[in-house]
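Just so it is clear, none of the values below were taken in a lab; they were calculated from the coordinates. Computed from a predicted structure; not experimentally measured. Using ideal geometry, Cβ is built from the backbone for each residue, glycine included, and neighbour counts are taken over all protein chains shown.
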Amino acid sequence: MNNHELFETAWQATQIGAETLASAHPVSVRKKGDRDLVTDVDLRIQRDITDYLTHTTPQISVYGEESSDQPDLAAAELLWVLDPIDGTSNFVHGLPLCAVSLALLHHGEPLIAITRAPLLNRTYHAIKNEGAYLNGEAIAASGTTDLVDAIVSMGDYAVGHEASARNQRRLGLTAALVPRVERIRMFGAATLDLAFVAEGATDACVIMSNQPWDTAAGTLIAREAGATITDADANPHTHQSSSTIASAPRIVQQLTSIIEAANTPGSQQPHQS
């Protein structure tokens, strides 16, 4: 199968999940860790999409957020990476900021990406080197040139292991950004943080993590829309990065300099010009 045939497979698979997400209400909600929720709907969507992909592309394994085993992303020639519901806490509480996200990776690099947010009537997609689209229309990252004019979204604060220490870093970073940007936002779904940068609704997002189910699809969509994707140290983003920064190209240097300074103990924050 070529990329376009694989894209059609991904399109149908995510449609299955989006229809469930749009119509279902969680019956069972449990904690799989500290403040980390999973519902019967997450599990149903993962099962249904996995079944479809396994039947349609049996030669390609599926790795979902609720999977028990983590594959070697770089070693896999092709691998589906699925988040059945990104933003589960939002979904449980009736907030529409949640999405089904699917990417096809080639040795860890995204080739195909679809993010469906049915409660927002938004479907984002990208094929490598073919641009990014929202509901079938081409999209582009913002042309903002000065960070002070930028809306920047922050990824979720940490839960689970060493959450307190990790959140001190996030709090420091938020404090450093607040006086230097137009507004800070937090949406609670990394896939949508990246999608909103792709469509130019926000100018950047700062996600201090890099779980493949959260970022694989969104980074391809944002990159194909013209955004610059790095880690917190301004290095090119890969599946091995520990953080995910997506930004309008003209403000990336301003943004990453603040992030780097905030992450350096005892450093002076750069002055706003």
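Classify the stretch 68-158 as rounded, prolate or oblate from the Cα gyration tensor: take a ≥ b ≥ c as the square roots of its eigenvalues, call it rounded if a/c is under 1.5, otherwise prolate when a/b beats b/c and oblate if not.
oblate
Sum -39500 (n - 2.57) across every DSSP H segment of at least 4 residues in the chain, then divide by the residue count to get the 222 nm mean residue ellipticity, nearest 500.
Numbers: 7 runs with 91 residues, N = 273.
Rounded to the nearest 500, the figure is -10500 deg cm²/dmol.
Helix 252-262 versus the longest principal axis of the chain: what is the Cα-based angle in degrees, 0 to 90, to the nearest 10?
For 252-262 against the chain, the angle is about 70 degrees.
At a 10 Å Cβ-Cβ cut-off, how would you order C98, C205, fewest neighbours first? Present the calculation step by step, with values, prior to reporting the outcome.
Numbers: C98 26, C205 29.
Going from sparsest to densest Cβ surroundings: C98, C205.
For the stretch 162-167, in order, what is each residue's ³J(HN,Hα) by Karplus, 6.51 cos²θ - 1.76 cosθ + 1.60 with θ = phi - 60°, in whole Hz (x at glycine and Pro)?
6, 4, 4, 5, 5, 6
Along the charge dipole of the stretch 130-273, Cβ charges K/R +1 and D/E -1, which of H239, A175, F187 sits furthest on the positive end?
Farthest towards the positive end: A175.
Give me the percent relative contact order of the chain, please, defined on Cα pairs under 8 angstrom at least 6 residues apart. Mind showing how you got there, number by number?
Numbers: 591 pairs, mean separation 45.0, N = 273.
After rounding, I find 16 percent.
Neighbour counts of other C-beta atoms within 10 Å: give me V159, V252 arranged from fewest to most. Spell out each step's value before the answer.
Values: V159 15, V252 19.
Ranked by crowding around the Cβ, least crowded first: V159, V252.
To check my understanding: the extent here is largest minus smallest coordinate of the Cα atoms along each principal axis. What are those three numbers for the chain, in Å, largest first?
Dimensions of the chain along the principal axes of its Cα atoms: 56, 40, 35 Å.
Can you tell which of V62, I85, G131 lies farthest toward the positive end of the dipole of the chain, using +1 and -1 charges on the Cβ of basic and acidic side chains (Lys, Arg; Asp, Glu)?
Sorting the options by dipole projection puts first I85.
In degrees, nearest 10, range 0 to 90: what is the angle between the Cα axis of helix 212-224 and the longest Cα principal axis of the chain?
70
For the stretch 171-273, report the translational diffusion coefficient in µm²/s to the nearest whole number, using Stokes-Einstein at 37 °C, 0.692 mPa s, and a Kirkwood Rh over Cα pairs. Working shown, then result.
Details: Rh = 13.6 Å.
The diffusion coefficient I find is 241 µm²/s.
Hey, can you grab everything whose amide H is under 5 Å from the amide H of G64? Only 5+ residues off in sequence or another chain; H modelled, so Pro and N-termini drop out.
For G64, whose amide H was placed from the backbone, the distant partners under 5 Å are L82.
If the convex hull of the alpha-carbon atoms of the stretch 3-138 is projected onto planes in all directions, what is the mean projected area in square nanometres? Can you show the working numbers first?
Details: hull surface 32.7 nm².
With every direction weighted equally, the projected area is 8.2 nm².
Using +1 on the beta carbon of Lys and Arg, -1 on that of Asp and Glu, and nothing else charged, what's the dipole of the chain about the Cα centre, debye to 20? Please report the intermediate quantities before stating the final value.
Numbers: 17 positive and 32 negative charges, 143 e Å.
So the magnitude is around 680 debye.
Got a sec? How would L97, L21 order by Cβ neighbour count within 10 Å, fewest to most?
Working: L97 20, L21 24.
Ordered from fewest to most neighbouring Cβ atoms within 10 Å, L97, L21 come out as L97, L21.
Could you pull out every residue, at least 5 positions away or on a different chain, whose amide H is within less than 5 Å of the one on A141? Hs are placed 1.01 Å off N in the peptide plane, and Pro or chain starts have none.
G226, A227
Amide H of M186 versus every other amide H placed in the peptide plane: which residues, excluding those fewer than 5 positions away on the same chain, fall under 5 Å?
Those lying under 5 Å, H to H, from M186 are M154.
Angle between the Cα long axis of helix 3-23 and the longest principal axis of the chain, 0 to 90 degrees, nearest 10?
Roughly 90 degrees, rounded to the nearest 10.
Starting from the Kirkwood radius over alpha-carbon pairs of the stretch 133-225, derive D by Stokes-Einstein at 20 °C in a medium of 1.002 mPa s and give it in µm² s⁻¹. Please report the intermediate quantities before stating the final value.
On the way: Rh = 13.8 Å.
It comes out at roughly 155 µm²/s.
Please state the relative contact order of the stretch 3-138 as a whole percent: Cα pairs under 8 Å, 6+ residues apart? Write out the running numbers ahead of the final one.
Values: 241 pairs, mean separation 28.6, N = 136.
The value is 21 percent.
So how strong a dipole does the stretch 147-263 carry about its Cα centre when Lys and Arg Cβ are +1 and Asp and Glu Cβ are -1, to the nearest 20 debye? Don't skip to the answer; put the middle values down first.
On the way: 8 positive and 12 negative charges, 42 e Å.
I would put it at about 200 debye.
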